[in-house]
Amino acid sequence: MKKTLLSIFLLMAVTVFAQVQTVTYSINPATFEDTTSITITINGSSVNETSWGISATHALYLWSWSYDVNDTNQMDSPSNGSWTASNEASKFTYNAGTDTYTKTLTPSTYFSRNGIGRIGFLVKTKDGTGDKKSQDITVEVGSFQASLTAPVENSTSIIASGASFNITATNTNGAASYTLKGNGTTINSNTSTSSYSYTHTNITNNQSYELTITQGATTIVKKFSVVVNPNTVSQAMPNGLVDGINYNTSDATKATLVLDAPLKDFVYVAGSFNNWQPTSAYAMKKDPTSGKFWLELTGLVSGAVNTYQYWVVDATPLANSPAMVKTADPYSTLVLSPYDDPWIPASKYPNMPAYPAGQSFEVTVLKTGQTPYNWQVTNFVKPEKEKLVVYEVLVRDFDASRSYQSLIDRIDYFKNLKINAIELMPVMEFEGNESWGYNTSFHMALDKFYGTSDKLKEFIDLCHQNGIAVILDVALNHAFGRNPMVRMWMNDPDGDGFGSPTAENPYFNTVAKHTYSVGEDFNHSSLKTQYYVERVVKQWIEEYKIDGFRWDLTKGFTQACTASDESCTNAYQQDRVDILKKYADYSWSLDPTHYTIFEHLGTDAEEKEWADYKVAETPSKGIMMWGKMTNPYNQLSMGYSSDSNISRMTSSSRGFIANRLMGYAESHDEERLMYKNVQYGASNGSYNVKTLNTALSRMSAIGAVSLLVPGPKMIWHFGELGMDDSIFSCNNGTVNDESATISGDCKLDTKPQPQWTENWLGDSNRNKIYNDWVKMITLKTVEPVFLGNATMTNANSLAVNIKITNSSLASTQLKDVVILANFDVTAQNLTPNFQYPGTWYNLMDNTTLNVADVTSPINLAPGEFRIYGNKQANLAIENFEKENLVSLYPNPVADYFTLSFAASKVEIYAVTGQLVKSFKTNGNSDFQFHVNDLTTGLYLVKAYNEENKVQVVKFIKK
């Protein structure tokens with residue numbers, strides 16, 4: 001099948017993949033030119049309409065492609081649409097009387113090209129996910145036809161060195177001329193005959209054959225190949241090598257490749273360095289101890305781009321499995337794709353290496369003598385887990401340019417929002433370009449659609465310079481069909497080079513061991529899988545300085561369940577606990593402060609075991625758990641008390657020892673709060689949540705009762721601007737909903753960019769959310785009271801009361817907070833139950849409230865909130881939220897720093913809120929602030945001018 005596989009998202013609770021279905025068909029007329037109108041007829045009885053889900057609709061679609069007369073240039077039909085949503089132009093007509101499906105087309109028109117030598121097609125449902133498709137079918141075009149009778153066209157035959165090989169062919173329409181080439185050299189020719197037979201003898205080298213058949217002005221080329229068994233040499237592998245590319249640190253002309261391919265007989269390395277025609281010199285050796293194949297390449301040129309594949313051979317394959325698979329290296333850090341790369345603009349990936357002509361499938365890039373990235377920050381100090389405010393970003397939908405450069409260009413947006421971590425949805429090499437990234441194929445390679453490796457590193461470096469951690473979303477529950485470890489041991493009955501794992505596959509299950517199957521399911525009990533996962537972890541931590549991982553779909557890491565047993569998948573599974581702890585331990589062995597975050601959404605018992613894991617160590621660890629709270633917070637924002645209990649936003653409500661719950665009201669996988677507000681919000685007549693600006697006015701209160709709850713929190717991009725476009729918005733501008741089928745809900749479609757094109761920051765209603773959240777995030781990240789504990793009263797009510805206390809702080813500090821919010825559609829009197837009487841401060845503006853009676857009600861308008869503290873916010877002052885006019889240099893700081901203006905007084909605070917140093921400068925603009933006596937960490941500087949106005953800036957002491 002011609003693969004242009006598309007976006008697949010994470011929690012796709014579907015499908016045990018079916019076998020490819022063979023359908024019967026006919027074409028009328030049987031012989032035709034590309035300008036002839038033809039009718040393709042599919043026998044309805046050969047289509048399993050029930051399993052394909054089309055019994056009622058009979059909605060069957062043509063997926064087709066064409067080749068030129070030289071059989072070299074293959075192109076998809078522009079009428080195909082996408083794999084998950086075929087165009088209606090490709091739909092068959094169902095004929096009930098004959099139980100047939102018919103499609104009439106003229107090839108030159110349907111494929112928008114002339115000179116077609118062959119067409120290929122299959123039939124499928126509108127969404128072909130789950131192998132709801134037929135076998136591949138190819139048909140020759142033209143009255144002159146040629147057939148390769150032996151061997152099978154495009155096949156690879158395995159022979160012993162010195163063996164002979166028979167080639168036979170026939171043609172129609174009279175005599176033709178035949179020319180046989182092997183590796184580009186003419187071996188035999190025959191003229192004026194309607195059939196051909198030749199035996200190539202004493203073959204000692206691999207052969208790529210082309211049989212050219214010419215009749216008049218028409219030429220047809222048939223391709224096939226022979227691979228010679230090199231009788232693999234058994235030789236010990238040098239010490240210290242790892243799977244994949246091993247660059248020689250002292251000699252840039254050498255590199256050693258290692259491939260772990262159990263049950264395979266021999267492997268060649270084909271690449272640009274041998275013109276993709278490997279001789280026996282490029283047959284990999286086999287280490288007798290590990291069983292791994294290895295080969296040292298020599299004669300490489302430092303700085304030159306090389307590309308290569310492995311030719312992996314099983315001389316006696318399982319039924320329906322290929323004898324040879326051509327594949328990129330599983331441990332590639334950069335791959336070139338014939339499917340995706342042609343659509344990546346040079347503006348995103350300048351000077352992209354060219355895909356090697358004449359090859360197929362992904363190839364690996366090898367380049368010796370590379371210059372390492374020059375990191376500006378080499379000792380980044382991560383924000384404390386409890387203070388994290390994570391901003392989740394899909395690069396594709398953050399900005400219209402869809403690139404790392406667009407993130408770099410908008411760094412001030414992140415800085416001004418005061419978030420301290422960015423979580424990127426998967427950026428590892430995925431199938432297609434327009435994707436969420438969970439359809440990963442190469443976990444160690446960077447997908448090129450968003451930009452180069454150095455550009456991502458530049459973004460990470462810039463984030464670190466601004467105190468922002470970078471977390472990467474990783475999909476290691478599964479991989480998709482282009483993954484080399486799937487392809488080397490696969491069922492491929494239609495011979496298209498893609499398939500599902502066989503029972504011999506040492507990395508993948510043949511069927512998923514959980515009920516959230518997507519792609520091919522990794523077997524995490526396999527030591528080989530565990531080795532692969534740890535190599536992936538090491539790559540991103542050491543090469544990209546990634547600060548943490550959000551592990552996607554961790555429920556799938558068990559081997560104890562089946563694809564149909566939901567209760568098993570959701571129950572405590574010891575094997576899953578053990579393997580995930582092992583992976584966390586490995587991450588911490590490389591970086592003791594690495595963030596480990598699981599998207600588990602499971603039982604408290606299992607999540608508690610991870611959340612509490614090694615929290616008592618120094619530095620404190622513990623695994624952060626994604627805490628989905630979308631429904632209760634959306635009930636509040638819409639104005640409904642039913643199911644609005646937000647008490648599980650706290651770690652303590654789930655029994656965790658430490659604050660390890662990364663709670664969120666929105667994520668990429670949930671409907672937008674604002675969309676549901678304006679669609680379904682409550683009303684009392686004069687106050688209607690369905691009115692856009694009314695709905696927007698309630699989102700600040702959502703921030704108050706979510707972001708300030710102790711423990712790490714997450715924002716899905718543009719929630720801070722009241723994003724009201726549905727996540728089910730389609731590319732054509734329509735909106736589907738979550739009740740639609742997976743294929744039709746448009747969840748994965750690329751989204752519009754109204755936040756920029758409509759200048760939402762300039763919209764006072766949206767800007768208020770942004771600025772209010774800025775203040776709240778500032779409070780959370782700099783005021784130590786929010787490291788305390790929260791209690792909620794009226795948690796299942798529209799009148800929310802949250803009390804936060806940090807008992808470790810002195811009474812002279814901000815140690816008690818009361819948050820009140822009214823999510824009703826009418827004004828309400830809320831009983832605050834302050835912890836004690838006295839003066840309380842509204843932390844949003846530091847105005848005061850004198851409290852004599854702690855139960856005296858406070859009247860709040862609908863959607864209004866208050867945040868009160870027992871003391872004025874010490875560090876989260878008003879000017880801190882504004883764009884700083886002061887800069888600090890250098891940052892990070894070794895011994896001293898200077899400021900960009902003449903401050904009269906400077907105070908330095910630890911992130912715990914304690915004053916640690918102060919300076920009087922007497923207005924000296926060149927004053928050097930010596931901090932060599934401070935310990936490594938993050939600090940805040942309050943700089944006063946002569947008018948006693950304050951600016952606040954952060955620095956990192958190294």
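Derivation of every value follows stated rules applied to the coordinates shown; laboratory data play no part. Since the model is a prediction, treat every value here as computed from it, not as a measurement. Cβ atoms come from the backbone with ideal geometry, glycine included; neighbour counts cover every protein chain shown.
Of the peptides 320-332, 560-572, the order by per-residue mean of other Cβ atoms within 10 Å, starting with the highest, comes out as 320-332, 560-572. Looking at segment 132-178, which chymotrypsin sites (Phe, Trp or Tyr not before Pro) are DSSP coil and have at most 11 other C-beta atoms within 10 Å of their C-beta? Answer by residue number: there is no such site. A simple packing score, the average count of other Cβ atoms within 10 Å per residue, orders the peptides 746-753, 36-43 as 746-753, 36-43, with the highest score first.
In summary, the aspartates and glutamates within cross-link reach of LYS415, defined as a Cα separation below 12 angstrom excluding same-chain residues under 8 places away, comprise GLU881, GLU883.
Each Lys or Arg adds one and each Asp or Glu takes one away; over the other residues whose Cβ falls under 14 Å from the Cβ of PRO784, this sums to 0. Fully extending the segment from GLU543 to ASP926, taken as 0.36 nm per residue of separation minus the present Cα-Cα distance, adds 134.1 nm. By the Cβ rule of 4.7 Å, the chain holds the following cysteines without a possible disulfide partner: CYS463. Taking 19 Å as the cut-off, the amide N atoms of segment 20-41 that come nearer than this to a point 7 Å along the Cα-to-beta-carbon line of THR98 belong to 23-32, 37-41.
Computed over segment 405-551, the convex hull of the alpha-carbon atoms projects to a mean area of 9.7 nm². Put simply, segment 637-744 fits an ellipsoid with semi-axes of 26, 19, 13 Å; these come from the alpha carbon gyration tensor as the roots of five times its eigenvalues, largest first. For LYS181, list the lysines whose Cα falls under 23 Å from its own Cα; do not include residues on the same chain fewer than 8 positions away. By straight Cα distance, LYS181 reaches LYS222, LYS223, LYS326. State which entries of LYS455/LYS768; LYS545/LYS768; LYS418/LYS457; LYS628/LYS780; LYS285/LYS555; LYS513/LYS614 exceed 31 angstrom in Cα-Cα distance in the structure shown. In this structure, LYS455/LYS768; LYS545/LYS768; LYS285/LYS555 lie more than 31 Å apart at Cα. Note on VAL242/GLN135: beta-carbon distance plugged into 1/(1 + (r/R0)^6) with R0 of 51 Å gives a FRET efficiency of 0.80. Ranked by the mean number of other Cβ atoms within 10 Å per residue, highest first, peptides 799-806, 213-220 order as 799-806, 213-220. The relative contact order of segment 884-957, computed from alpha carbon pairs under 8 Å that lie at least 6 residues apart in sequence, is 36 percent. In units of the rule-of-thumb radius 2.2 N^0.38 Å, the chain shows an alpha carbon radius of gyration of 1.07. Our estimate of slack between ASP591 and ALA217, defined as 0.36 nm per intervening residue step minus the Cα-Cα distance, is 128.0 nm.
Straightening the chain between THR793 and ALA150 buys 223.5 nm, computed as 0.36 nm per residue apart minus the Cα-Cα spacing. Spin-label pair THR185-ASN859: with each label point 7 Å from Cα along the Cα-Cβ axis, the two points sit 9.9 nm from one another.
Among the chymotrypsin sites (Phe, Trp or Tyr not before Pro) in segment 702-805, none sits in a DSSP loop with a Cβ that has at most 15 other Cβ atoms within 10 Å.
In segment 244-366, a dipole from Cβ-located charges (positive for Lys and Arg, negative for Asp and Glu) runs towards its positive end, and of SER321, TYR268, PRO353 it is TYR268 whose Cα lies farthest in that direction.
Sites listed here are chymotrypsin sites (Phe, Trp or Tyr not before Pro) in segment 891-930 whose DSSP assignment is loop and whose Cβ has at most 14 other Cβ atoms within 10 Å: PHE901.
With K and R counted +1 and D and E -1, the other residues having a Cβ less than 12 Å from that of TYR178 yield a net charge of +1.
For the pair GLN835 and LYS690, a Förster radius of 56 Å applied to the C-beta separation gives a FRET efficiency near 0.90, rounded to the nearest 0.05.
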